[in-house]
Every structure is written in C-alpha cells, then in structure tokens.
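Encoded as structure tokens, the structure appears first; notes follow it.
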Amino acid sequence: MGEPEIRAAVEETAVQIAEMEIRGAATIADAAARALERQATESDAEGAEAFRREMRAAARRLLDTRPTAVSLPNSLRYVLGRMDGDSVESLRASTVAGAREFRARLETAQDDLGAIGANRLQDGDTVLFHCHSTDVLSCIEAAVERGTSLEAIVKETRPRKQGHITARELRELGVPVTLIVDGAAGRYLDESDHVFVGADSVTADGAVVNKIGTRPLAVTARERDTPVVVAAQTLKLDPTTLSGHTVEIEMRDEREVVGDDERVEIGEITVENPAFDVTPPRYVDAIVTERGQFPPESIVFLMRELFGEQSTRPWEDGS
Ligand code: RI2
C-alpha cells in the first residue's frame, strides 16, 4: 500500500498557511476546510478505506503547518467528523457537505459575535487594537453599521506589522486611525475606552493565546482600568485543554525580527521569535463569542457543553 495521494490544492494551502500568506485563525480554518473539500472532490481513491486514508493524510499535512491556532484542528475535526458512508461517493458527498456547512457556520458565527461585541461600544469611544483579527473587526463593523462613532489607536504589532492591515480595514469602515509603535501603548491607554484583541486559542482556564504582545498590553490595561475584550468565536476554544494539554507557542524564523545584514552587523547573538503569548484570565474582562459574552473563568462551561470531556483526533490512522 503506497502513501496516500495528497492533492496539489492541499499542498498549496499548507504552504500558504506556513508562510502566512493565509493567516488569522478564522481565515486559516476556512482555508483548511476548503482544502479538505478539494481533496474530497478531486480524489481518485479506489475504495472507501483508501479515500479515508487520503483524507486523514491531507488533514495531517494541513495540521503540520502552524501549531498554535486551535481553529485549524477544530476545522479538521468538524469536516472529518462529518465524513460518513461506506462508498467513495457517499464519503465524498458527506465530506463536501461538511466542509461547506463548516464554512457557512464560520461566517454566521462571526456576524453573531460582531453584533454582541458591538453592544460594548458607545458613541465617541476610542478603541486600542493589537494585531489583525477578523473577529474583532466584525464587532467594529457592527457598531459602525449602527451609527456608533469610534476612533482607533492601532499598535503596529511587530515583527510582521499586522497592525497595518487593521489600520487599513478600519479606514475602509470610516474609523479615524492613529498608528503607534508597540512600545507607545501604555501612553495611549490613558485615552482609550477599550482594548479589543482576537485569539488564536482560548484554554479551559480562560487564558487567551494571542499575537505576541497581547499579554503586556493586557497587564498595563488592567493597571489603568481599561477593559480588555477578547473577540473569539467558539472555534477558538481548545478542547484538548479540558484534559490538561497545553498550547504550543509557535516559534517563527528569526529573519522576521532581524535581517541577514543587520544580524551580521550586530555580531554573534541569539534571536528568538515567538509568534504568540498567553494572557492569564485575570487580565481579561470578557470573551465575546457568537454564543454571548463570558467572563474568562466561566468559558470552561461553554467548552464542556460544546465538546464534552473528550477531544477527538480524527486525522490519525486507526481513529
Ligand atoms: P481572527 C492571528 O494570528 C492574530 O493573533 C489574531 O488575533 C488571531 O489570528 C485571530 O484572528 P496570525 O495568523 O480569527 O496573524 O480573529 O499569526 O481573524
């Protein structure tokens, strides 16, 4: 029995996720579901078991790309969990239907979350942003559509400057933006009414794993009584943390921090580039999901309701 054939569309998506051409937890989940759909549609596996093996191998290839955002394994769980049947045709049809259902739910969830997050925002508020999160921007878009007038302070978010994407999208929504370097956040917290951040994973104890720099921002915000709101669809809840697993923090290439020439100029040093940090629940005021707003300490009850006590690994052979 040879290696299962992974379709080019899956390989391309995996490379794009690893290189962050496709990025952002929800966008990655959407792309992974779309890639599994392509694998199912294009597969020429002969026999139901060969088809299942291919789908599991494709899911593992996608999973191998970036370790931190739980939206990726949750997307694979959803789609493979819907794969059902005893012929290639029935397996294909159920997988495609599962992928489409997942993507439709993703969009609805983000709209519902946005409507809830917008309730926190008052006319004339200033919001401080870190990184680029489609869940956060959905809250702002909903508020703007209601006629709420907002101002934005946007951290540039080194090393990859995703703050620039946030700044551009806020401008497109008609929100006036002030861009600041990351180190200036403390000063601008004094004039901010809220901090809004996204999440790549939320753990059972209510800790928030998000873009590096979220934790120091949240700690400083707490010291100044500026509420920290995390916009995170339930897709960002990590079921493996219910049974004590921890979230792996992705370490990325040092060239995102310092260029080759600069490095030679500095001399022999070590460069580290963690992509995410962990903000403990005591620094977070609320986690806004499509199911409502939760104090971080109570998110475990929602997790149990959604996932039970067990998390599945349907991409493993023999599962
Ligand atoms: P949405 C991003 O990670 C950011 O950390 C952002 O807060 C999070 O994903 C969630 O994004 P990266 O892929 O799902 O830029 O809200 O490393 O779009």
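Where a number appears in this text, it was derived from the coordinates with a stated rule and is not lab data. If you're wondering where the values come from, they're calculated on a predicted model, not measured in any experiment. No Cβ is skipped: glycine too gets one built from the backbone with ideal geometry, and neighbour counts run over all protein chains shown.
Backbone N atoms of segment 1-34 closer than 17 Å to the 7 Å Cα→Cβ label point of Asn273 belong to residues 15-24.
Of Glu37, Glu265, Glu19, the residue with the greatest mean-square motion in the GNM of the chain, using alpha carbon springs below 10 Å, is Glu265.
Loop-located GluC sites (Glu not before Pro) across segment 163-213 with a Cβ neighbour count of 16 or fewer within 10 Å are Glu191, with loop assigned by DSSP. Note on Asp260 and Asp44: the model spin-label points, each 7 Å out from Cα along the C-beta direction, lie 4.1 nm apart.
Based on C-alpha pairs under 8 angstrom that are at least 6 apart in sequence, the chain has a relative contact order of 18 percent.
Both radii come from the Cα set of segment 8-109: Rg as radius of gyration, Rh as Kirkwood radius; their ratio Rg/Rh reads 0.96. The distance between label points at Arg146 and Asp123 comes to 1.3 nm (points 7 Å beyond Cα on the Cα→Cβ vector). 3J(HN,Hα) along segment 110-125, derived from phi through the Karplus expression 6.51 cos²θ - 1.76 cosθ + 1.60 where θ = phi - 60°, amounts to 5, 5, 5, 4, x, 5, 6, x, 5, 5, 7, 9, 10, 4, x, 6 Hz, with x in place of Gly and Pro. The angle between the Cα long axis of helix 214-223 and the longest principal axis of the Cα atoms of the chain comes to about 40 degrees, rounded to the nearest 10.
When the trypsin sites (Lys or Arg not before Pro) in segment 212-319 are filtered for DSSP coil states and for at most 16 other beta-carbon atoms within 10 Å of their beta-carbon, the remaining sites are Arg224, Arg291.
The calculated FRET efficiency for Glu19 paired with Glu89, based on their beta-carbon distance and R0 = 30 Å, is about 0.30.
With one equal scatterer per alpha carbon and no solvent term, the Debye-computed log10 I(q)/I(0) for the chain at 0.07 1/Å reads -0.30.
Treating each Cα of segment 119-306 as an identical point scatterer and summing with the Debye formula, the log10 of I(q)/I(0) at q = 0.14, 0.15, 0.17, 0.18 Å⁻¹ comes to -0.78, -0.89, -1.09, -1.19. Just to confirm the number: angle between the C-alpha axis of helix 48-63 and the first principal axis of the chain, 0 to 90 degrees, nearest 10? Between the helix axis and the principal axis of the chain, the angle is about 20 degrees. Normalise the Debye intensity by I(0) for segment 229-319, one equal point scatterer per Cα, no solvent, then take log10 at q = 0.14, 0.15 Å⁻¹ and round to two decimals. With one equal scatterer per Cα and no solvent, log10 I(q)/I(0) is -0.71, -0.76.
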